[in-house]
Each structure stands twice: as structure tokens, then as C-alpha cells.
1. In nanometres, what is the gap between the two model label sites at TYR155 and LEU272, each 7 Å from Cα along Cα-to-Cβ?
2. What whole-number distance in Å separates the alpha-carbon centres of the range 241-257 and the range 167-204?
3. How far apart, in nanometres, would the label points at ILE217 and ASP111 be if each is projected 7 angstrom from Cα along the Cα-to-Cβ direction?
4. Provide the gained length on full extension for the span HIS259 to SER103, in nm with one decimal, where the gain is 0.36 nm per separating residue minus the Cα-Cα distance.
5. Determine the sum of side-chain charges near SER196: Lys and Arg each +1, Asp and Glu each -1, restricted to other residues whose C-beta is under 13 angstrom from that of SER196.
6. Ordering ARG181, ARG261, ARG120 by how much accessible area each has at a 1.4 Å probe, largest first, what is the list?
7. Can you check what the net charge comes to around GLU87, using other residues whose Cβ is under 15 Å from the Cβ of GLU87 (Lys, Arg +1; Asp, Glu -1)?
8. In percent, how large is the relative contact order of the range 194-278, given Cα pairs closer than 8 Å and 6 or more residues apart?
Amino acid sequence: MKRILLSICFLFFIGVSSFSQSKIEKAEKSLKKKEKTTENTKSNHNNSRNNHNSEGDFLTEVVGEIIVQAFAYSIYAVAIESPFEMENKASNAYITKHPYYKSNKGNYIYDWSEDITFFRTDLSTRYISENSKLKGMHLNLEMHFLKRIAIEGDYLQLWENNPNFGYDNLAIYTSLAKYYRVRSEKFDAWWGLGASYIDGSVNEFGFTYGLGAEWFIAKPISAEVSYNQTLINDESINKFNGLLNYHFKQFKIIGGYEHLRIGNQNFSTVTLGTGFFF
């Protein structure tokens, strides 16, 4: 009988300990650098390769240079602009003071008018919620200049308050340099590169890339999607946003869905906020 009771108690405490971590704590733990064991079994394999390296070097250099140049040209055309687009009005589109400013245009306009500005700042804040225990907020600042370029800074703060296991929080700071690849009056799309700093018990930087687009359906509505991924310690932080914006004057009201995957933990949240253009 004592053995049975001891076994039950042991299983109970094991079960409690396995669930005693919050989602945020589990996410942080999965992002931390893991120790790796090294093996010294590669030397023989590397030596066997050296005998074949001298063969075909000339052919490799010639063909390789052609492939690299063709690849670089293709990458430039896809990521920046192709020669066929240079004659299009969108190639020289101007930044608007804010979406739907005295017209039905979005972030860009083709013709010179009073809608145009050479520098614009977008500031927004959004509240996010997964459930009664897990909340968060986004603070986002984006500065547009040189028609195609923007710098974005984003601050994400998550809070988790579990009555059984206490209070936990996590902050992620992201900075992106963005290039607006598509710049039409009703639709624009961008890609960006940058870095993120993960606070809390992780305290590390990771490389970040992102993609996004906004469609100005009809005044005063626009639909916006964005995705970015941060690579850190063989894990990643993925953020996806699907938002609907209601514009009035230089303001907007934001509502939608945000999905976060931080390490091995998923967070599905609803979001609501407001933005300001100046």
C-alpha cells in the first residue's frame, strides 16, 4: 500500500512540474543556445576530397562566373526593379501624406499634387490578447523617405499572468530596413532585412527578414498582411499579421489577427489598435 501511495505521489509531482512553466517561459527556454558535442571524425573525409579539387577548376570558374552574373541580374530584377518597369508610372511614384488624403490613393500616388510628401512617419500601437492570462502590445514606428525606402522599429511586449505559476513577460525589439518593391496607387508591397533583440532570459540578437503588402480596397478601408522571421540558435520567431484598417484624416483604427511562434510555442491572438501619420 505504501508503494502505491509513493508511486501516486511521485507521478503527481512529475505532472505538476511538467506544467509549472508558463508558455512564455517555455518559449524562452526553447530559444536559448543549446550545448553541442563535437566529433573529430571529419579529417579523413576532408583529405579524400583534396585529390579531386584541382580537376576542372578552369571550367568551374568560367561557367560559375556566367551563372553568378545571370543570378545577380535576376535577383536585382526581382528584388529591386526590372528594365521593363522603368517606364511605368509606378517607378517614380511619390509618397502620400497619408492614405486617402484628398483622393482615393493609398501610400503612393503617380502624379505631382498636394498629396505628396518627401518624408512621412507612421506611428501605431496595438493591443493583443490570446486569452485572459496572456496579453501583449505592439508599438511600431516607420519612417518613409526616398520614395522607396523605410526604416521600421517594432516593440513587442507579452505578459502572462497564471494564478498557479505566477507572472512572466517577454519583450522583442525588431528593426528593419524596408524596400517598397511594388508602389501602385491602390497596392504596395515590401521586403526588409534587419535584426531583433530578444529580452528576458534569452538576451540575444537574431537576424530578421520580412515581407508585407497593403491593398487599399476603397476609401476608407485597407487590408494589410505582413510576415517576418527571426533566426536565433537553431530556432526562430515567426510573426504573421492579417489586419483591416479604417482610415479617417491622418488616423487609422486597426483590427485583425496576429499569430506568433516563439521557439516551440504558438500564440494565436486578436489585435486592436490605432495609428497616426505625420
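The values are calculated or read from the model by the stated rules, or taken from the named source; none is laboratory data. All values derive from a computational prediction rather than experimental measurement. Because the Cβ atoms are built from the backbone with ideal geometry, glycine has one as well, and the counts that use them run over all protein chains shown. All accessible areas refer to the heavy atoms of the entire protein, side chains included, with ligands and DNA or RNA removed. Shrake-Rupley method; radii C 1.70, N 1.55, O 1.52, S 1.80 Å.
1. Result for the modelled spin labels: 2.3 nm.
2. 18
3. About 2.8 nm, to one decimal.
4. 52.8 nm
5. Its environment carries a net charge of -4.
6. ARG261, ARG181, ARG120
7. 0
8. Dividing the mean separation by the residue count of the range 194-278 yields 19 percent.
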